[in-house]
Every structure is written in C-alpha cells, then in structure tokens.
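Just below is one structure, and these are the notes that go with it.
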Amino acid sequence: MKILKIDHIGIAVKNLAESMKFYELLGLESAGTEEVAEQKVRVAFFPTGEAEIELLESTSPDGPIARHIEKNGEGIQHIALRVENIDEALAELREKGVRLIDEKPRYGAGGARIAFLHPKSTGGILLEISERS
C-alpha cells in the first residue's frame, strides 16, 4: 500500500453555512459544496496547500455525522489518507488483520473512492483511505 499524503481532515459541524464563515474569516476559500446523498451529508472543502479541510453537515437526523455530533459534539470526525490504489490498500489491510468498516470502496465527495477503517484497529481514530483520479 502506498500512502501519498494526508488528503483531508473531516470536521463534523451542525451548520455548514455558519461554519464556512469561520474558515473564510481565516482567509481560506471554499472549493464549493456538495451533497453526498448516500452518506446523508453535505460537505464543503477548503484547500490548504497539499491537504484540505472538509466540513461535514448531516442532511438527516439518523446520518453518521448527526450521530457523531450527538455522541461527541462538533469537531474532528476523521482523517483521510490518499492512497495510490484503494483496492490494493483494502486487500493489504484485510490481510494484515485491520478491521474495516468498508470492505469495498464507496463513492465519496469530490469523485473520490473511499473506505473507512474501524477505530478499534487504529487507536481510536476514524481513518478514511481515499483514491482520486
């Protein structure tokens, strides 16, 4: 498995529009917003050099972001690592006994193919691996 870089840091927020104002106040410019219906989330990306900040707002009270905020409050929800080949990475992680949330890649924001690793295998961190063309 080849990790290329930290792709983004995902931050769970209650109100995307309000949260975006803070990052704009810092001088960051949004690369736009997108809804990922499959994941019940609306996102905004803020490029920061080699990586991005991803703000995530739930579009449903039973969505994963809503559940995260209910349990932990707003804040960092996950860290995403960009990999060269997500299918190979998942196979290697599975072979090494890493517990996976996603056995197969799924669609993520920005056209990425993503998969999550279970926090019980990562020291309590929700890690996402991501492949972008």
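Data table
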| quantity | calculated |
| --- | --- |
| Residue within region 118-125 that is within 19 Å of His8 (Cα to Cα) and in contact with a Leu (Cβ under 7 Å, 6 or more places away or on another chain) present | yes |
| The lone exception for Glu57 - which of (1) buried (at least 19 other Cβ atoms within 10 Å of the Cβ); (2) within 20 Å of Leu127 (Cβ to Cβ) it fails | (2) |
| Index of the failed condition, Ile86 passing every other in (1) within 18 Å of Leu126 (Cβ to Cβ); (2) within 13 Å of the chain's Cα centre (by Cα); (3) surrounded by 12 or more Cβ atoms within 10 Å (Cβ to Cβ) | (2) |
| Filtered residues of region 18-46 (kept if open to solvent by less than 60 Å² (accessible area, probe 1.4 Å) and either in contact with a Lys or Arg (Cβ under 6 Å, 6 or more places away or on another chain) or not in a loop (DSSP other than H, G, I, E, B) (or both)) | Ser19, Met20, Tyr23, Glu34, Val36, Gln39, Val41, Val43, Ala44, Phe45, Phe46 |
| Ile65 vs. criteria open to solvent by less than 30 Å² (accessible area, probe 1.4 Å), in contact with a strand residue (DSSP E or B) (Cβ under 8 Å, 6 or more places away or on another chain) and in contact (Cβ under 8 Å) with a residue 40 or more places away in the chain | yes |
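Okay, residues lined up against (1) surrounded by fewer than 16 Cβ atoms within 10 Å (Cβ to Cβ); (2) of a type in the set (Asp, Glu); (3) within 15 Å of Pro64 (Cα to Cα):
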residue	(1), (2), (3)
Leu93	no, no, no
Leu100	yes, no, no
Lys104	yes, no, no
Phe116	no, no, yes
Leu126	no, no, yes
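Quick grid of which residues meet (1) in contact (Cβ under 8 Å) with a residue 40 or more places away in the chain; (2) in contact with an Asp or Glu (Cβ under 9 Å, 6 or more places away or on another chain):
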residue	(1), (2)
Ala80	yes, yes
Glu95	no, no
Glu103	no, no
Ala115	no, yes
Lys120	no, no
Glu128	yes, yes
Glu131	yes, yes
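The values are calculated or read from the model by the stated rules, or taken from the named source; none is laboratory data. Keep in mind that this is a model prediction, so the values were computed, not measured. No Cβ is skipped: glycine too gets one built from the backbone with ideal geometry, and neighbour counts run over all protein chains shown. Ligands, DNA and RNA are stripped out before the accessible areas are found, and what is left, the full protein with its side chains, is counted by its heavy atoms. Shrake-Rupley method; radii C 1.70, N 1.55, O 1.52, S 1.80 Å.
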